[in-house]
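K.L.:
Just passing along the structure, written as structure tokens.
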Amino acid sequence: MLLELKQLKKQFKENHVLKGIDLSVNKGEVIVIIGPSGSGKTTLLRNINFLETADSGTMAFRDQQIDLSRPTKEQILWVRRHTAMVFQNYNLFKNKTALENISEGLVFGQGKSKLEADELAEKALDQVGLLDKKGFYPSQLSGGQQQRIGIARATVLNPDIVLFDEPTSALDPELVGTVLHDMKQLADQGQTMIVVTHQMSFARNVASRVAFFADGEILETGRPDEIFDHPQHERTQQFLSAIAEDY
């Protein structure tokens, strides 16, 4: 097992956002988390890489055992070096070119030379079909292109796990397919991924396992055919019934 969360809890004032999450991820798996908006899915991802600090819970990640409520600075840095996150709104540096947005993490985060970092960044851009845009700034690129550069920036670091936080939610509908294609390509290459998404077709066709998340809890987990064709929990049935045309 690559990563295991146990009893992860998080609340903001009186709002219990995460109510005791248990989740395991094996190497090479694509775990897709689905569920209604506002149920805590993004908060879960942010707790995994310490953009938020949990109130309680533990994480076993490779050979590390971490108290999520009291991580050391060294543990936070270690986790961030072994994970990468793709955000909803791209989070590219506006004053950096596509190439620089990818290469700078290699230089400052991994200590690579500028020459080596640029070579790796060009290879990553080529993999998402955007090498010809390497000198472009974010303002010169479409939303889909910016998100694909975000994916290239995440994967060039060779992380153990990539966390995707609704990566297509800010895109125009005609741009969604290119981003999902890049994500499927990563899955086919064996990249371990945890994906929060409303793209049900992606969940059905690409996920190793689907977790249904509602009201701060994972209510049901299973293979895509189990969740979509034979959901057991009443709340899962209600959710899927409401969006049946999407999958």
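K.L.:
Would you point out the residue of segment 6-25, among those that are in contact (Cβ under 8 Å) with a residue 40 or more places away in the chain and under 20 Å from residue 197 (Cα atoms), that is nearest to the chain's Cα centre (by Cα)?
P.N.:
25
K.L.:
Moving to a separate point now. Of all residues being of a type outside the set (Lys, Arg) and free of Cβ contacts under 8 Å to residues at least 24 places away in the same chain in segment 104-117, which is nearest to residue 153 (Cα to Cα)? Just the residue, please.
P.N.:
104
K.L.:
Considering only segment 17-40, state which residues are at pLDDT below 95 and touching a Gly at 6+ places or on another chain (Cβ under 6 Å).
P.N.:
40
K.L.:
Take the residues of segment 47-82 that are of a type in the set (Asp, Glu) and in contact (Cβ under 8 Å) with a residue 12 or more places away in the chain: which is farthest from residue 161 (Cα to Cα)?
P.N.:
55
K.L.:
Something else now. Please pick out the residue among 113, 103, 139 that is hydroxyl-bearing (Ser, Thr, Tyr) and within 26 Å of residue 169 (Cβ to Cβ).
P.N.:
Selected residue: 139, the only one of 113, 103, 139 that is hydroxyl-bearing (Ser, Thr, Tyr) and within 26 Å of residue 169 (Cβ to Cβ).
K.L.:
Another question, if that's okay. Give 149, 194 a once-over and let me know the one that is touching a residue at least 24 places away in the same chain (Cβ under 8 Å) and either more than 25 Å from residue 211 (Cα to Cα) or more than 20 Å from the chain's Cα centre (by Cα) (or both).
P.N.:
Going through 149, 194 in turn, the sole match is 149.
K.L.:
For the condition under 15 Å from the mean Cα position of the chain (by Cα), at pLDDT below 95 and not aromatic (Phe, Trp, Tyr), what is the one hit in 171, 157, 163?
P.N.:
157
K.L.:
Name every residue in segment 15-73 that is under 25 Å from residue 190 (Cβ atoms) and hydroxyl-bearing (Ser, Thr, Tyr), in order of residue number.
P.N.:
Matches in segment 15-73: 24 only.
K.L.:
All but one of (1) in contact with a helix residue (DSSP H, G or I) (Cβ under 8 Å, 6 or more places away or on another chain); (2) touching a residue at least 12 places away in the same chain (Cβ under 8 Å); (3) surrounded by 14 or more Cβ atoms within 10 Å (Cβ to Cβ) hold for residue 217; state the number of the condition that does not hold.
P.N.:
Only one criterion is unmet by residue 217, namely (1).
K.L.:
Would you confirm whether or not segment 202-210 contains a residue that is in contact with a helix residue (DSSP H, G or I) (Cβ under 9 Å, 6 or more places away or on another chain) and without any contact (Cβ under 8 Å) to a residue 40 or more places away in the chain?
P.N.:
yes
K.L.:
Give the residue that is nearest to residue 58 (Cα to Cα), with candidates limited to residues of segment 1-16 that are at pLDDT 95 or above and charged (D, E, K, R).
P.N.:
Only one residue fits best here, namely 6.
The values are calculated or read from the model by the stated rules, or taken from the named source; none is laboratory data. Predicted model, so just to flag it, every value in this text is computed and none were measured. Cβ atoms come from the backbone with ideal geometry, glycine included; neighbour counts cover every protein chain shown.
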